[in-house]
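Colleague: Could you have a look at this structure, given as structure tokens, before my questions?
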Amino acid sequence: MNLTIKPASACGDCNLCSRCEPRAPGDGIDIDAVVDEVLRQIRPPASTEVPIGVSARHCHLTDEGLETLFGKGARLKVYRDLYQPGAFAAEEVVSVVGPRLRAIERVRVLGPTRGYNQVELARTDAIYLGLDPPIRDSGDLDGAQPITFIGPEGSFTTDCAIRATRHIHLNLEDVRRIGLTGIDRVSVRIRGEKGLVFHNVRLKIAPGQVPEIHLDTDDANAAAVACGDHALIEV
């Protein structure tokens, strides 16, 4: 089953490429949920293609963190809209420094601002910086490692370095259509000369999302894929 979707947009930083409404409270049986579960168990394995978004190293900042790095009253300026609605790559970039006192420069800030400071790295980035950050969903900073942010107007250090969990953005309607109700992780197959299968890919389901799998640059390089290529969800 192929979804009708527009091509994924490239961020330009990795240099790889240019209806489930809530039911009213009550004691009745949720027929839709029962049908979904029965169909999930008796149908053959579902599969569908989704576009790939290569997620190069990037960071998220709070309003306070942004002002520390870029000056009082600083606001993020849109450099390019990203594939997911409302998300954008900002014009602002920072340097990040790890325990080895090595720096990675021009790490893109993604907007809008969030309730936490965070930098998402590929494993090779982390090794270069002298880090071994945990694999986490965005916003889960349990065990995150220390990074120093340096901007044109200031700097700060905080425990915020993670490696992002492989994940697929989906909306509720797509989840039902593909047959993924009740599933939180899937496998994803990449075809081609360096084809492979990624397991334990997390489903991130929210209204307004459009289908897209996010891979970091290490995973993308291993499979020889770039933004706009497609992967196959396997259940």
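The values are calculated or read from the model by the stated rules, or taken from the named source; none is laboratory data. The shown structure was predicted, so the numbers you read here are calculated from the model rather than taken from an experiment. Please note: Cβ atoms are built from the backbone with ideal geometry, for glycine as well, and neighbour counts cover all protein chains shown.
Colleague: Of the residues Asp174, Asp184, only one is surrounded by fewer than 16 Cβ atoms within 10 Å (Cβ to Cβ), assigned by TED's automatic domain parsing to the domain that holds Ala226 and closer than 18 Å to Pro211 by Cβ; which?
Modeller: On inspection, the qualifying residue turns out to be Asp184.
Colleague: Give the residues of segment 102-131 that are loosely packed, with under 14 Cβ neighbours inside 10 Å, within 19 Å of the chain's Cα centre (by Cα) and in a loop (DSSP other than H, G, I, E, B), sorted by residue number.
Modeller: Within segment 102-131, Gly115 is the sole residue that qualifies.
Colleague: Something else about it: Hey, could you check segment 210-233 for residues that are touching a Phe, Trp or Tyr at 6+ places or on another chain (Cβ under 9 Å) and not in a helix (DSSP H, G or I) and say which is surrounded by the most Cβ atoms within 10 Å (Cβ to Cβ)?
Modeller: Looking at residues that are touching a Phe, Trp or Tyr at 6+ places or on another chain (Cβ under 9 Å) and not in a helix (DSSP H, G or I), I get Ile213.
Colleague: Within segment 56-101, which strands (runs of 3 or more DSSP E) (wholly inside it) include 1 or more residues that are at pLDDT 95 or above and among the polar types (S, T, N, Q)?
Modeller: 88-97
Colleague: Counting only residues that are within 16 Å of the chain's Cα centre (by Cα) and part of a strand (DSSP E or B), which one in segment 132-152 is surrounded by the most Cβ atoms within 10 Å (Cβ to Cβ)?
Modeller: Arg136
Colleague: Shifting gears a bit: Evaluate segment 45-54: report whether one residue or more is at pLDDT 65 or above, assigned to a loop (DSSP other than H, G, I, E, B) and within 22 Å of Val188 (Cα to Cα).
Modeller: No.
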